[in-house]
Amino acid sequence: MSRIGNNPVAIPQGVTVEIKDNLITVKGKLGELTQEYSAVEIKVEDDQVFVTRSSDVKEHKAKHGLYRSLINNMVDGVSKGWTKELELVGVGYRASNQGQRLDLALGFSHNIVLDLAPEVKIETISEKGKNPIIKLTSFDKQLVGQVAAKIRSFRRPEPYKGKGVKFVGEQLRRKAGKSA
């Protein structure tokens, strides 16, 4: 069983953590995040956050590690930020952005236009001879992951040629084609 909940979360310089009425708020140079919690106790002492559970009930054990990880992700997000990179693999697959609007050409009859939340910064990189890359950056790890999964869902990588939208560095399970 994982004991991740016992590790304290270090608070870097410039980040403040406030706890009030089962609500934890983390503020930093990149933004502010809040999270409700239950079944655990959270204390801030000496630039560290400690998460403790009241008993060894299965639900309390599960939430112990969960809330420690969520707090760690919040602290890392408001201090450093989170980045996801997606790669478009396929002939004629293109991506461009105007502000917070992402325009994708993924082989359908019409382009897919996606308006993104203002918390997510988007950058599209198109170099000649290389696959286009979409770079998503935000202080909220859950939001970046959700937006990246949404973009990937428009054209999942297929197992035969590997065409589609995939994460940079993702290993795909490839299948052999028909044998004559």
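The values are calculated or read from the model by the stated rules, or taken from the named source; none is laboratory data. What you are looking at is a predicted structure, and each value in this text was computed from that prediction instead of being measured. In this analysis, Cβ positions are derived from the backbone assuming ideal geometry, glycine residues included, and neighbour counts consider all displayed protein chains. Ligands, DNA and RNA are excluded from the accessible area calculation, which covers all protein heavy atoms including side chains. Shrake-Rupley method; radii C 1.70, N 1.55, O 1.52, S 1.80 Å.
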Just the residues that are under 17 Å from Lys166 (Cβ atoms) and open to solvent by less than 60 Å² (accessible area, probe 1.4 Å), please, taken from the range 115-130. Thr124, Ile125
Identify all residues within the range 28-40 that are more than 20 Å from Gly81 (Cβ to Cβ) and surrounded by 13 or more Cβ atoms within 10 Å (Cβ to Cβ); write none if there are none. Tyr37, Ala39, Val40
Scanning the range 1-27 for residues that are assigned to a loop (DSSP other than H, G, I, E, B) and among the hydrophobic types (A, V, I, L, M, F, W, C), the one surrounded by the fewest Cβ atoms within 10 Å (Cβ to Cβ) turns out to be Met1
Number of the condition not met by Thr83 [criteria: (1) part of a strand (DSSP E or B); (2) farther than 23 Å from Gly169 by Cβ; (3) of a type in the set (Val, Ile, Thr)]: (2)
Report, by residue number, each residue of the range 65-89 that is surrounded by fewer than 19 Cβ atoms within 10 Å (Cβ to Cβ) and among the basic types (Lys, Arg). Lys80
Looking only at the range 86-123, and only at residues there that are outside any strand (DSSP E or B) and closer than 16 Å to Lys135 by Cα, the one that is farthest from the chain's Cα centre (by Cα): Tyr93
Read through the list (1) of a type in the set (S, T, N, Q); (2) in a strand (DSSP E or B); (3) under 22 Å from the mean Cα position of the chain (by Cα), then give the number of the only condition that Ser69 fails. (2)
Given the conditions (1) touching a residue at least 24 places away in the same chain (Cβ under 8 Å); (2) under 30 Å from Leu23 (Cα atoms); (3) open to solvent by 40 Å² or more (accessible area, probe 1.4 Å), and given that Lys135 satisfies all but one, which numbered condition is not satisfied? (2)
All positions within the range 90-114 that are loosely packed, with under 14 Cβ neighbours inside 10 Å, closer than 15 Å to Ala148 by Cα and among the aliphatic types (A, V, I, L, M): Val113
Can we say Asp47 is touching a Ser or Thr at 6+ places or on another chain (Cβ under 9 Å) and among the acidic types (Asp, Glu)? no
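State which residue is farthest from Ile11 (Cα to Cα) when the search covers only the range 50-64 and only residues that are assigned to a strand (DSSP E or B) and either of a type outside the set (S, T, N, Q) or open to solvent by 70 Å² or more (accessible area, probe 1.4 Å) (or both).
Checked the range 50-64; the qualifying residue farthest from Ile11 (Cα to Cα) is Arg53.
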